[in-house]
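These notes concern the structure reproduced below.
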Amino acid sequence: NDAIMVCGSPQFLGNVTTSYQPTSGNRYRSNGNCSNNPSFKPGDPRYADPLTMPPNNVAIKAETDATQAGEGCLFTGPTSITLNAAGTMTVSSPYTKVGAAPNNCLGGTLASPVTQPLPPNGVIYVQNVPSASTDPNYTAACLTSTELSSGTSAGTATVQHPLGYPQKADITTYACKAGDVFLKGTLKGRLTIAADTNIEIIGNITHQGGSGGSDLLGLVANNYVEIYHPVDKVTSGTPAWCYGAVLSRGGDDYCNIKLPGSSTGLVAPSVQAALLSVAHSFRVQNYAYGEDNLGSIVLNGAIAQKYRGLVGVIGTAGYGKNYNYDQRLKYQSPPKFLNPVAAAWQIVTWIEQAPAYAWNAP
């Protein structure tokens, strides 16, 4: 969708297209601080119409509507999902009402999560709590819960969030009725998880069969797909729930917060998935705060986003990157993953097919 910025003499061995269309000159450019002499073996870059994002992921939500033969799971409000290597999922979704949940998808609570099969069509959608009182999933007031413990220090205050986020001392905020997904685990099967709001990656997300098997996960958020990264604004000393050094940022001190039941934070998560942020980015929460000793995000999949998301500040805070494209995504897709209605398509290759029969065959 943009110009290719070139330094040095790289060789492009395949066809190259771009929607950068200057009034004259090349369809690539230098950043002004280096020489550029690229070699495009198949020929210079060709113009192609921009590829635009779909307006939202509502088409995926329709796959959970039993009245339209949808066999997916619809959950309401903040929802925790743990994918299990046995081909099941464990769900806590306190705003999801049993009588309103289609297709036998049960919500459960933080205290009593429900382990259930993956939906038959491989689609999960997490919606915001409806604002209309006539909706069967409507809830008037925010549900409260005890905040999550952090390391050796247990939370004691109540927060207006049914899953207990943010955890103790975390500066991050969450809306109590937002359609947010808190996700981790190992997927056996094929699944697309979409959210009205954000998808928070709170642990490793892997395929049971590895990167070369048949498992395939897609994550589609209207807003952010982001790595969970709680940090504390420290006023004095080093609190017991801090992990690593306390570092200054913008005149204030911050530290990474330990995960509940752990002595460390979320270190170098591994993510195997195709990621799509419709309106925002794939990023790390609070990427600029806390010590830079978290390792590199190991991502095997694909990223589509409206804006480039940040994951860290080199040598200061956050994560590094180890991103790898899952070559299977050239030919395969997670269930109902993309609605290409807003996409522009162009021919990139063609071939004449020899007829199976002569035109005048009987």
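Below are the figures for this structure:
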item: Residues (surrounded by fewer than 19 Cβ atoms within 10 Å (Cβ to Cβ), within 16 Å of Asn324 (Cα to Cα) and aliphatic (A, V, I, L, M)) located in region 275-301; result: Val298
item: Residue under evaluation Ala169, criteria (1) within 23 Å of Asp232 (Cβ to Cβ); (2) touching a Leu at 6+ places or on another chain (Cβ under 9 Å), criterion not met; result: (2)
item: Only one of Thr158, Thr152, Thr134 that is open to solvent by 70 Å² or more (accessible area, probe 1.4 Å), over 21 Å from Asn256 (Cβ atoms) and at pLDDT below 90; result: Thr158
item: Search result, residues across region 15-25 that are out of contact with any Gly (no Cβ under 9 Å at 6 or more places or on another chain) and either under 11 Å from Met5 (Cα atoms) or not polar (S, T, N, Q) (or both); result: Tyr20, Pro22, Gly25
item: Region 99-116: number of residues that are loosely packed, with under 15 Cβ neighbours inside 10 Å, modelled with pLDDT of 85 or more and part of a loop (DSSP other than H, G, I, E, B); result: 2
item: Residue match in region 66-83 (condition: over 28 Å from Tyr165 (Cβ atoms), in contact (Cβ under 8 Å) with a residue 24 or more places away in the chain and surrounded by fewer than 18 Cβ atoms within 10 Å (Cβ to Cβ)); result: yes
item: Residue within region 225-241 that is open to solvent by less than 40 Å² (accessible area, probe 1.4 Å), over 27 Å from Gly315 (Cα atoms) and outside any strand (DSSP E or B) present; result: no
item: Members of region 173-199 found to be in contact (Cβ under 8 Å) with a residue 40 or more places away in the chain, assigned to a loop (DSSP other than H, G, I, E, B) and closer than 24 Å to Ser131 by Cβ, listed by number; result: Tyr174, Cys176, Lys177, Ala178, Gly179, Asp180, Asp196, Thr197
item: Residues within region 32-65 that are open to solvent by less than 50 Å² (accessible area, probe 1.4 Å) and farther than 18 Å from Pro119 by Cβ, tallied; result: 8
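The values are calculated or read from the model by the stated rules, or taken from the named source; none is laboratory data. As the structure is a computational prediction, the values presented were derived from the model and not from experiment. All Cβ positions, even for glycine, are placed from backbone atoms using ideal geometry, and neighbour counts span all protein chains on display. Accessible surface areas use protein heavy atoms only, side chains included; no ligands, DNA or RNA. Shrake-Rupley method; radii C 1.70, N 1.55, O 1.52, S 1.80 Å.
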